[in-house]
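Comments concern the structure below.
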Amino acid sequence: GENVEQHPSTLSVQEGDSAVIKCTYSDSASNYFPWYKQELGKGPQLIIDIRSNVGEKKDQRIAVTLNKTAKHFSLHITETQPEDSAVYFCAASIGMSGGGADGLTFGKGTHLIIQP
Amino acid sequence: DAGVTQSPTHLIKTRGQQVTLRCSPKSGHDTVSWYQQALGQGPQFIFQYYEEEERQRGNFPDRFSGHQFPNYSSELNVNALLLGDSALYLCASSPGYFRYGYTFGSGTRLTVV
């Protein structure tokens, strides 16, 4: 089955700087790659996603890039703010294999700390 | 607009017991998935329900079963609880079996003692 590796496990950046989180996946059939933000005591919240027919997607301060050849994708957060502090998860899905949208395989998460 | 609602928020069970967790999907969503999140780990896919049938299943034993009702709400049942079943159980709903855009609930924290 699919395996998703995520790095780093902890990332500390100064407020206003950029943060980059990287993930690799094993199954070349994966075609959907979402990123989730999870705050303490809450469920994961979708912040951005990308499909395999797109190399890059941007939404304000957040961007995701995908390299299908290398089987890795990254989350970029610019101009970080204190409210960006949370655990971030990448995920992958081979999608539609059983006739519908498949379950997600998650990475182990990155604890992002924004230093004031 | 209410999001995904899960109940209870916390519960404690004894090893060997059975537990039922409940989920109401976001308004307009008809597909429900369940995930198990161990402490410090990413969520793991248990199974997915659509049109009251289990459609997809992750690598979980038969002790884990579920149900979806006509109003799209869902239950997760775990039999013969093990200490290792202690985790946060997340429900996610989506607006269709062929669509992504999962919305997660805040989860049920299950502790097995």
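The values are calculated or read from the model by the stated rules, or taken from the named source; none is laboratory data. Just so it is clear, the model here is predicted, and its values are computed rather than measured. Don't worry about glycine lacking a Cβ; one is built from the backbone with ideal geometry, like all the others, and counts go over all protein chains shown. For accessibility, only protein heavy atoms count, side chains too; no ligands or nucleic acids. Shrake-Rupley method; radii C 1.70, N 1.55, O 1.52, S 1.80 Å.
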Using a 1.4 Å probe on the protein heavy atoms, what percent of the accessible area of chain B belongs to carbon and sulfur?
48
Between A:Lys42 and A:Ser26, how many nm apart are label points set 7 Å from Cα along the C-beta direction?
3.2
For region B:1-99, which GluC sites (Glu not before Pro) pass both filters: DSSP loop (anything but H, G, I, E, B) and at most 14 other C-beta atoms within 10 Å?
B:Glu51, B:Glu52
Looking at the calculated P(r) for chain B, what percent of the C-alpha pair distances fall above 17 Å?
49
Accessible area per residue in Å² at 1.4 Å probe, computed on chain A
49
Computed from the beta carbon distance with a Förster radius of 35 Å, FRET efficiency for B:Thr5 and B:Val113 to the nearest 0.05 stands at 0.85
Most fluctuating residue of B:Leu76, B:Leu90, B:Leu11 in a GNM of chain B with Cα springs under 10 Å: which is it?
B:Leu11
What list of ³J(HN,Hα) values in whole Hz, one per residue of region A:36-44 in order, does the Karplus curve 6.51 cos²θ - 1.76 cosθ + 1.60 (θ = phi - 60°) give from phi, with Gly and Pro shown as x?
10, 10, 10, 9, 4, x, 10, x, x
Restricting things to alpha carbons, tell me how big the protein assembly as shown is in terms of Rg and Dmax, in Å.
17.5, 51
Which percent of the Cα-Cα distances in region B:1-44 go past 13 Å?
69
GluC sites (Glu not before Pro) within region A:1-61: DSSP coil, no more than 14 neighbouring Cβ in 10 Å:
A:Glu15, A:Glu39
Just how much of B:His29 is accessible, in Å², when a 1.4 Å probe is used and the result is rounded to the nearest 10?
20
Once both labels are modelled 7 Å past Cα along the beta-carbon direction, what's the B:Lys13-B:His67 spacing in nm?
1.4
Would you pull out the residues with amide H under 5 Å of A:Ile94's amide H, same chain only if 5 or more places away, H placed 1.01 Å from N?
A:Asn31
A correct Karplus calculation of ³J(HN,Hα) over region B:74-79, with 6.51 cos²θ - 1.76 cosθ + 1.60, θ = phi - 60°, whole Hz and x for Gly and Pro, returns 9, 10, 10, 10, 10, 9
Gain on full stretching of the segment that runs from A:Val54 to A:Gln14 - 0.36 nm per residue minus C-alpha separation
11.4 nm
Taking beta carbons within 10 Å but only from partner chains, what does the mean come to for residues B:39-49?
5
Region A:13-65 - percent of accessible surface contributed by carbon and sulfur, probe 1.4 Å
44
